[in-house]
Amino acid sequence: MRILVVGAGPAGTRCALRIAGRLPRAQVVLAGAEPALPYDRVALSKYLIGEMAQEALVTHSLAALRAAGVSYRPATPIAALDLAAREAITARGERIAYDRCVLATGSRAVRLPLPGAELPGVIPWRDLAESRSMIQAAREGGPAVVIGGGLLGLEAAAGLAARGMKVTVLHAVGWPMERQLDPEAGALLAGRLRMRGLNIRMPVATAAIEGRERAQAVLLKDGTRIPARLVVMAVGVRPNSDLARASGLDVGRGIVADAAMRTSDPHVLAVGECAEVEGRLIGLVAPALEQAEIAAATIAGEAVAWAPRADSAGLKVSGTQVWSGGEVSPADAEAVTLRAGETYRRLWWRGQRLVGAVLYGDTAEAGFYQDLIASGRAVASRAGAALGQAFLKDAA
Ligand SMILES: Cc1cc2nc3c(=O)[nH]c(=O)nc-3n(C[C@H](O)[C@H](O)[C@H](O)COP(=O)(O)OP(=O)(O)OC[C@H]3O[C@@H](n4cnc5c(N)ncnc54)[C@H](O)[C@@H]3O)c2cc1C
């Protein structure tokens, strides 16, 4: 069997390795658009802030991939799929025949449609090359603006500030990380980041990026002008589904796939952030890897189905402990809040079941709350649960 995996991000790489492991006689080709060896995209934040060297980002060497039975083709963007012939066509016009093709093309960062958004010095942050450009801009110095105060935006801001830039974060909502945090935790986080030297402006609306040869300033709708040699856009992602759409596969918000990762073509599967699995898009690495495992099992002939779990995410900025899991501020749940010094916890309950949690200041109990949310276990003492695992003696 000839297997082609398109996209060497975490999902594609995991999938190619698992297929090669299950089907030792298959020819597995992993074609990635980026020139680098497969690397840990999540760790780009640590690379940017200077806590990790570029070499340490690499997750698999060429030799390791080869030894595992995967033939890796870097810098090989797939331009089209000929579904009838079962061939992929590379950007250079080469045809790669397959019996099964797995699309793992991920997402791209949204570039806001603002005047000046295409100027040099404006970077929607997603990959290694862009991270290197950001580090280079920091070396050249000057002020930076990060548009977007979500997880990615704050990590970008922390990284650039650590490299000596004067950073302003512009956020459209009244508190940062509004998808993961309630307003109170958001306010605590904003206060902490301001104390560490970040300038955070919110809620603000961005009107344009000004400059001639490169970005020089960001103009807000209220007329304020903020100088910026570097503008990082961290305002969300869009699934890379153009290839699938142009090839005639069903595409909704992402590449439409069922719970076994099969697309509308019986020989093509889709996994990770490019896929819309049973109507659901993902934006985190853990479910992308789970989907990769499911696709490999499907190709090996097993009957398997991906079951989504509650999302959780933490901020990877050292000195700031923030974690959130499950549903945040759901209207039909009751909140229990704990405040003690620098620690803030808010837990949302439907009856005796924990459905969401936000932790600020101390995230040591994150695993405990994550387990409670995932298991749906009934808890008799919600106050006990707020204090932590050691105080929860009376689980029902
Ligand atoms: C800075 C940063 C920090 C993050 N931190 C976290 C975190 O803390 N926790 C978390 O869960 N998630 C985090 N994420 C998100 C996480 O990286 C993604 O969820 C994960 O990478 C998704 O994996 P994927 O393989 O589906 O897609 P991607 O990682 O996007 O990989 C897709 C690959 O396919 C390639 N490709 C696209 N089109 C083609 C084509 N036509 N031909 C060949 N190749 C193609 C792309 O170049 C890319 O290399 C972070 C992301 C960034 C950018």
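Key figures for this structure:
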| item | result |
| --- | --- |
| Counting all C-alpha pairs of the chain, share separated by more than 42 Å (%) | 17 percent |
| Phi-based couplings in Hz for region 217-226 (Karplus 6.51, -1.76, 1.60; Gly and Pro marked x) | 7, 10, 9, 8, 5, 7, x, 5, 10, 10 |
| Accessible-area value, Phe391, 1.4 Å probe, nucleic acids and ligands omitted, Å² | 120 Å² |
| Cα-based radius of gyration of region 124-269 once divided by 2.2 N^0.38 Å, which approximates compact folds | 1.27 |
| q = 0.14, 0.23 Å⁻¹: log10 I(q)/I(0) that the Debye formula gives for region 273-323, counting C-alpha atoms only | -0.47, -0.89 |
| Accessible area in the full protein assembly, largest first, 1.4 Å probe, for Tyr369, Tyr47 | Tyr47, Tyr369 |
| Cα-projected label distance for Ala380 with Glu51, points at 7 Å along beta-carbon direction, nm | 4.0 nm |
| Long-range HN-HN contacts of Ile200 with modeled amide H, under 5 Å | Val169 |
| Sum of -39500 (n - 2.57) over DSSP H runs of 4+, divided by residues of the chain (222 nm, nearest 500) | -7500 deg cm²/dmol |
| Accessible area per residue, Å², the chain with all protein chains present, probe 1.4 Å | 44 Å² |
| Fraction of beta bridges assigned by DSSP in the chain that are antiparallel (%, nearest 5) | 55 percent |
| Chain lengthening between Gln352 and Asp82 when straightened (0.36 nm per residue, less Cα-Cα) | 91.9 nm |
| In sequence order, calculated HN-Hα J values of region 39-48 (Karplus, 6.51, -1.76, 1.60; Hz; x Gly/Pro) | 9, 8, 5, 4, 7, 4, 4, 6, 5, 4 |
| Most positive-pole-ward Cα, Gly248, Gly319, Val271, against dipole of region 240-369 from beta carbon charges | Gly319 |
| With eigenvalues of the C-alpha gyration tensor scaled by 5 and rooted, region 122-203, Å | 22, 13, 10 |
| Relative contact order of the chain, defined on C-alpha pairs under 8 angstrom at six or more residues apart (%) | 15 percent |
| Cβ-placed point charges (K, R +1; D, E -1), dipole of the chain about Cα centre in debye, nearest 20 | 620 debye |
| Rounded to the nearest 20 debye, dipole of region 122-233 from Cβ charges on Lys, Arg, Asp, Glu | 360 debye |
| Accessible surface of the chain, 1.4 Å probe, proportion on carbon and sulfur as whole % | 51 percent |
| DSSP-defined beta bridges in region 122-233 - what % are antiparallel, rounded to 5 | 30 percent |
| Potential lengthening between Arg73 and Ala36 on full extension [0.36 nm per residue; Cα-Cα distance subtracted] | 12.3 nm |
| Positive dipole terminus of the chain, leading residue within Ser329, Gly223, Leu103 (C-beta point charges) | Gly223 |
| Antiparallel bridge percentage (DSSP; both residues within region 1-127; nearest 5) | 40 percent |
| Rounded FRET efficiency, nearest 0.05, which uses the C-beta distance separating Glu130 from Ala390 and R0 of 35 Å | 0.20 |
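The values are calculated or read from the model by the stated rules, or taken from the named source; none is laboratory data. Keep in mind the model is a prediction, meaning the values are calculated, not measured. Every residue, glycine among them, receives a Cβ derived from its backbone with ideal geometry; neighbour counts consider all protein chains shown. Remember, those area values only see protein heavy atoms, side chains included, never the ligands or the DNA or RNA. Shrake-Rupley method; radii C 1.70, N 1.55, O 1.52, S 1.80 Å.
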